[in-house]
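The values are calculated or read from the model by the stated rules, or taken from the named source; none is laboratory data. Remember, it's a predicted structure, so these values are computed and weren't measured experimentally. Positions of Cβ are backbone-derived with ideal geometry, glycine not excepted, and every protein chain shown enters the neighbour counts.
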Amino acid sequence: IMSISLKMLAVEDVNVTFEDQQKINKFARNTSRMTELKNEIEAKKKSLQNLQDASDDLMMLEDDALLIPFQIGDVFVSHSQEETQEMLEAAKESLEAEVRVLEQRVVSIQQVLGDLKVQLYAKFGNNINLEADES
């Protein structure tokens, strides 16, 4: 959880402008979005691992004539081992592409956050805390 705190010291009066507040709000929104993206990436990586496990298990089958149920939406459709393997590979490729896109978004957000940190720390110094809480 990220908390952004601006502590004003009585000795040092720092003027918080509307533009400063906008930057602080943008930092908070982007931090929240980055956390959501990282959680989504983790969920997709778990799904990828499940697909890989299913693919590995499928390769161990010795009966090529066996029909394998494969979930499409809310229903299971039976396919040959080869067709199921191809569908698993396609699903893995699709998920891997989604993960790459999400990871690129995280990098973009990290760049925005880095720029905002520089600007906000330059103005507020030790009077602002933009670091993640470890609680």
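Worth pointing out:
- A residue that is at pLDDT 95 or above and closer than 26 Å to Gln85 by Cβ occurs nowhere in region 58-65.
- Verdict on Phe76 being surrounded by 14 or more Cβ atoms within 10 Å (Cβ to Cβ), outside any loop (DSSP other than H, G, I, E, B) and either modelled with pLDDT of 85 or more or not basic (Lys, Arg) (or both): no
- Residue in region 10-22 that is surrounded by 11 or more Cβ atoms within 10 Å (Cβ to Cβ), out of contact with any strand residue (DSSP E or B) (no Cβ under 8 Å at 6 or more places or on another chain), assigned to a helix (DSSP H, G or I) and at pLDDT 60 or above present: yes
- Pairs where the first residue, in region 28-53, is in contact (Cβ under 8 Å) with a residue 40 or more places away in the chain and the second is among the β-branched types (Val, Ile, Thr) and in a helix (DSSP H, G or I), C-beta under 6 Å, 6+ apart: Asn30/Ile109; Asn30/Val112; Met34/Val106; Met34/Ile109; Leu37/Val106; Ile41/Val99; Lys44/Val99
- None of Val107, Val99, Val112 is free of Cβ contacts under 8 Å to residues at least 12 places away in the same chain, within 25 Å of Lys26 (Cα to Cα) and either among the aliphatic types (A, V, I, L, M) or in contact with a Pro (Cβ under 7 Å, 6 or more places away or on another chain) (or both) except Val107.
- Of the residues making up region 115-128, just one is within 15 Å of Ala28 (Cα to Cα), surrounded by 15 or more Cβ atoms within 10 Å (Cβ to Cβ) and of a type outside the set (A, V, I, L, M), namely Lys117.
- Scanning region 25-73 for residues that are under 29 Å from Val107 (Cβ atoms) and either part of a strand (DSSP E or B) or basic (Lys, Arg) (or both) yields a total of 7.
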